[in-house]
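Down below is the structure, laid out as structure tokens.
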Amino acid sequence: MILELAGRHPLLRADLTPERRADQVVTIDATRLRFISPLDLTAVAAIAHTTAVTSGKSVLRLPSDPRVTSYLQRMDLLAQLPESTIAVGAVPFDVRSDHHATLLETTLLTPETAPDVSERIGLLALANLGASPGARVARSVGELIDNAVSHGHGQAGAYIAAQAYTGKTTGTRRLEVAICDNGIGVLAHLRRNPDHAGLTDSETALRQALQPGISGTRDSRGNGLPDLLRQAGTTGPTRLVVRSGSGLVRAARHRTGMRTVSTLAAAMPIQGTWAWLRVSFAP
């Protein structure tokens with residue numbers, strides 16, 4: 001089984017709870033949601049498509065707050081759900097404004113769509129950060145996109161979403177990007193390299209992935225996640241959370257260069273990798 005869903009799932013809000021019933025139908029209850037982020041959108045898409053591949057049906061109970069449902073629809077989550085997913089609740093009429101400078105809707109990420117997605121992220125970062133800081137953040141997100149299309153695009157797909165926040169609801173101006181894929185996961189990827197074949201658990205693999213020069217191949221491809229933190233962290237306080245297998249790692253970097261990392265073993269494993277990047281906008 002790819003995803004164990006008993007109880008609350010790490011990296012999803014306490015009021016967004018997926019549960020697997022005895023008949024294998026997965027119910028994602030979003031009725032209590034009052035706020036939804038790019039991570040929530042991409043995680044729900046990943047869960048629904050994983051369910052479609054493994055056991056079939058899933059049910060998404062839409063938020064009771066019509067404003068949240070409207071945003072969920074505006075961010076194309078409903079359009080990205082598999083046909084076997086049933087949405088329960090009132091869906092408001094879809095009235096759209098052009099928000100290309102602040103939003104990247106929930107999007108299927110493949111080798112074919114990656115160039116267009118990278119361009120959208122670049123435009124979003126430049127519009128909100130300016131030329132030099134925006135380019136650094138775009139390169140950082142490019143590391144996550146490269147990871148997803150290189151070894152994360154499994155049968156159930158990979159999904160990306162992003163939003164720039166003005167600070168009105170979040171307290172600080174920031175950019176959030178999330179990518180949730182159903183690929184081989186960090187542990188299996190690193191073990192492809194004979195130098196890391198001895199890795200035995202996802203928690204250690206995630207910790208290793210944050211070290212410079214660690215790769216699932218012997219080819220020199222830069223420093224991956226460390227480069228991501230270094231580049232984005234020079235723009236402002238940066239937080240990266242990565243979930244893969246039964247491991248979870250949180251990493252933060254500040255403009256001063258200070259860096260903190262914590263890892264833990266999560267009770268409910270996932271196949272693939274969920275990554276969430278938040279970069280605050282420093283003046």
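The values are calculated or read from the model by the stated rules, or taken from the named source; none is laboratory data. All values derive from a computational prediction rather than experimental measurement. Virtual Cβ from ideal backbone geometry, glycine too; neighbours counted across all protein chains shown. Note: accessible area is taken over every heavy atom of the protein model, side chains too, but ligands, DNA and RNA are not part of it. Shrake-Rupley method; radii C 1.70, N 1.55, O 1.52, S 1.80 Å.
Scanning segment 115-132 for residues that are open to solvent by 10 Å² or more (accessible area, probe 1.4 Å) and in contact with a helix residue (DSSP H, G or I) (Cβ under 8 Å, 6 or more places away or on another chain) returns Ser118, Gly122, Leu126, Ala127, Asn128, Leu129. Across segment 173-200, what is the number of residues that are assigned to a loop (DSSP other than H, G, I, E, B) and either touching a strand residue (DSSP E or B) at 6+ places or on another chain (Cβ under 7 Å) or closer than 20 Å to Leu229 by Cβ (or both)? Counting residues in segment 173-200 that are assigned to a loop (DSSP other than H, G, I, E, B) and either touching a strand residue (DSSP E or B) at 6+ places or on another chain (Cβ under 7 Å) or closer than 20 Å to Leu229 by Cβ (or both) gives 3. Within segment 137-168, restricting attention to residues that are closer than 21 Å to His100 by Cβ and at pLDDT below 85, which residue is nearest to the chain's Cα centre (by Cα)? Within segment 137-168, the match that is nearest to the chain's Cα centre (by Cα) is Tyr165.
Matching residues to (1) closer than 21 Å to Val177 by Cα; (2) part of a helix (DSSP H, G or I); (3) at pLDDT 90 or above:
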{"site": "Ile2", "(1), (2), (3)": "no, no, no"}
{"site": "Pro10", "(1), (2), (3)": "yes, no, no"}
{"site": "Arg13", "(1), (2), (3)": "yes, no, no"}
{"site": "Thr31", "(1), (2), (3)": "no, no, yes"}
{"site": "Asp40", "(1), (2), (3)": "yes, yes, yes"}
{"site": "Ala48", "(1), (2), (3)": "yes, yes, yes"}
{"site": "Pro92", "(1), (2), (3)": "no, no, no"}
{"site": "Ser97", "(1), (2), (3)": "yes, no, no"}
{"site": "Ala101", "(1), (2), (3)": "yes, no, no"}
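Every listed requirement among (1) surrounded by fewer than 20 Cβ atoms within 10 Å (Cβ to Cβ); (2) in a loop (DSSP other than H, G, I, E, B) is met by Ile86 save one, (2). Entry remark, segment 127-165: residues being touching a residue at least 12 places away in the same chain (Cβ under 8 Å), more than 26 Å from Leu210 (Cα to Cα) and part of a helix (DSSP H, G or I) number 2 in total. The residues of segment 36-69 that are in contact with a Phe, Trp or Tyr (Cβ under 9 Å, 6 or more places away or on another chain) and open to solvent by 20 Å² or more (accessible area, probe 1.4 Å) amount to a single one, His49. When restricted to residues that are under 11 Å from Ala48 (Cα atoms) and out of contact with any helix residue (DSSP H, G or I) (no Cβ under 9 Å at 6 or more places or on another chain), segment 67-98 contains 1.
A quick yes/no check of all residues on (1) of a type in the set (Ser, Thr, Tyr); (2) open to solvent by 10 Å² or more (accessible area, probe 1.4 Å); (3) in contact with a Ser or Thr (Cβ under 6 Å, 6 or more places away or on another chain):
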{"site": "His151", "(1), (2), (3)": "no, yes, no"}
{"site": "Ala158", "(1), (2), (3)": "no, no, no"}
{"site": "Lys168", "(1), (2), (3)": "no, yes, no"}
{"site": "Thr172", "(1), (2), (3)": "yes, yes, yes"}
{"site": "Gly185", "(1), (2), (3)": "no, no, yes"}
{"site": "Asp195", "(1), (2), (3)": "no, yes, no"}
{"site": "Thr200", "(1), (2), (3)": "yes, yes, no"}
{"site": "Glu203", "(1), (2), (3)": "no, yes, yes"}
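Selection of segment 205-215 for residues being in contact with a helix residue (DSSP H, G or I) (Cβ under 8 Å, 6 or more places away or on another chain) and either under 20 Å from Ile121 (Cβ atoms) or outside any loop (DSSP other than H, G, I, E, B) (or both) yields Ala205, Leu206, Gln208, Ala209. Among the residues of segment 222-231, is any over 15 Å from Leu144 (Cα atoms) and at pLDDT below 90? No, segment 222-231 has no match at all.
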